[in-house]
Amino acid sequence: MKIFKIIALSSILVLALDSCKKEPENIWKVEVKNTAEKVEVTDISKEFYDQNIPLDQFKAKFPWFQGTVSDADFGKRRADAEEIKIYKEAAGKIDEAKIQKGLQDLFAHMKYYFPQFKSPKVYLFSSALQMVQDPIFYDSKGNLLFIDITGFMGDGNANYKGLELYFQKSMNPQNMVPKVSQIFAESIVTESPDHQKFIDKVILNGKIMMLQDAFLPDTPDYLKMNYTKKQYDWAVANESNIWNYFVESNLIFGDDPRLVERFISPGPFSKFYTEIDNESSPQIGIFTGWQICKAYFKQKPETKLAEFLKLDATKIFNEAVYKPKKP
């Protein structure tokens, strides 16, 4: 018997009616008075592929960009027609001014909650598709943020041929700032090595998602989850059924490491081992952890974000009184 709902006209209507109801107050909508340092966005590859800029001049300006590549190979890459074509296509997909504004808002909210935070220098570049699955790198020592724009050329882009479709779902320009937020959120939330139960992993990821809420209060939830809108709607429509499955299967406090692969690791879908698997949204354990953490803040809205991050997973779970209702 199917225990999950496939998104159909009836469930879409339910969601539509729910959306007409008064939205609950967003506790993360705060007035940010002290803005973060002005974000500087530099397109490294624009200068890299500009033959009018001498190689020595480029190397002097970006001494860390060459890595272990020899001058001869570095020079050849600058003139590689295929690389230049990929870069130009990727650059044409993004709006640099929009990225700058999105990052400025993100960093301002980060500074609001973590006053010691300082905006990094931001560098856009093209890896010629070599880093598309991990297109963002943060150098904490130098406070430098690197974004590979070839990782955001759009779901279904011809250059992504051969790459798993589920990876492509979050490789659109609008995914860039949420992914940057995720990188910083993951660096803030720490995991205790002795916490290996499923609930620990679920709440750990829920904390990361709560930081996403705080850092990106105006960003659609589906983008924070690296979901499509359809995947997010499925998760919302099936929230209670997902929770019932976890409870009835005694998974909440389980310590089977395979649960991470089934419900938290990236993939095309979650693995309930039912006939509905192919219809399910991936990483549903992260979505569930997010909802539990949201429930905790509904119970204790006065909780400070920094203090919440220090709380034990079991304490959050017990005090959240999480009981999802059927839509």
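The values are calculated or read from the model by the stated rules, or taken from the named source; none is laboratory data. Worth saying up front: this structure is predicted, and the values here are computed from it rather than measured. As a convention, Cβ positions derive from the backbone with ideal geometry for all residues, glycine included, and neighbour counts pool all protein chains shown.
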Restricting the stretch 277-326 to residues that are of a type in the set (Gly, Ala, Ser) and in a helix (DSSP H, G or I), which is surrounded by the most Cβ atoms within 10 Å (Cβ to Cβ)?
GLY289
Could you go through the stretch 40-57 and let me know if any residue there is modelled with pLDDT of 90 or more, surrounded by 10 or more Cβ atoms within 10 Å (Cβ to Cβ) and of a type in the set (Gly, Ala, Ser).
yes
Tell me which residues, restricted to the stretch 234-287, are at positive phi and out of contact with any helix residue (DSSP H, G or I) (no Cβ under 9 Å at 6 or more places or on another chain).
ASN250
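A quick yes/no check of all residues on (1) touching a strand residue (DSSP E or B) at 6+ places or on another chain (Cβ under 6 Å); (2) not polar (S, T, N, Q):
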position	(1), (2)
SER126	no, no
GLN130	no, no
PHE146	yes, yes
THR150	no, no
LEU163	no, yes
LYS169	no, yes
When the residues of the stretch 180-189 are filtered to those that are surrounded by fewer than 20 Cβ atoms within 10 Å (Cβ to Cβ) and in contact (Cβ under 8 Å) with a residue 24 or more places away in the chain, which remaining residue is nearest to ASP155 (Cα to Cα)?
ILE183
Has the stretch 307-321 got any residue that is at pLDDT 95 or above, hydroxyl-bearing (Ser, Thr, Tyr) and not assigned by TED's automatic domain parsing to the domain that holds VAL180?
no
Restricting to the stretch 229-264, count the residues that are in a loop (DSSP other than H, G, I, E, B) and either surrounded by fewer than 17 Cβ atoms within 10 Å (Cβ to Cβ) or among the aliphatic types (A, V, I, L, M) (or both).
10
Checked the stretch 28-48 for anything more than 21 Å from VAL177 (Cα to Cα) and in contact (Cβ under 8 Å) with a residue 40 or more places away in the chain; matches are PHE48
When you scan the stretch 243-254, do you find a residue that is touching a residue at least 40 places away in the same chain (Cβ under 8 Å) and under 14 Å from the mean Cα position of the chain (by Cα), even just one?
no
Out of the residues in the stretch 102-155 that are within 26 Å of ASP213 (Cβ to Cβ) and among the hydroxyl-bearing types (Ser, Thr, Tyr), state the one that is surrounded by the fewest Cβ atoms within 10 Å (Cβ to Cβ).
SER140
Against the definition (over 22 Å from the mean Cα position of the chain (by Cα), buried (at least 17 other Cβ atoms within 10 Å of the Cβ) and basic (Lys, Arg)), how does LYS201 come out, yes or no?
no
Spans of strands (runs of 3 or more DSSP E) in the stretch 80-172 with at least 3 residues over 23 Å from PRO266 (Cβ atoms) and touching a residue at least 60 places away in the same chain (Cβ under 8 Å)
121-125
Hey, can you tell me all the residues within the stretch 58-72 that are surrounded by 11 or more Cβ atoms within 10 Å (Cβ to Cβ), at pLDDT 90 or above and in a helix (DSSP H, G or I)?
PHE58, LYS59, LYS61
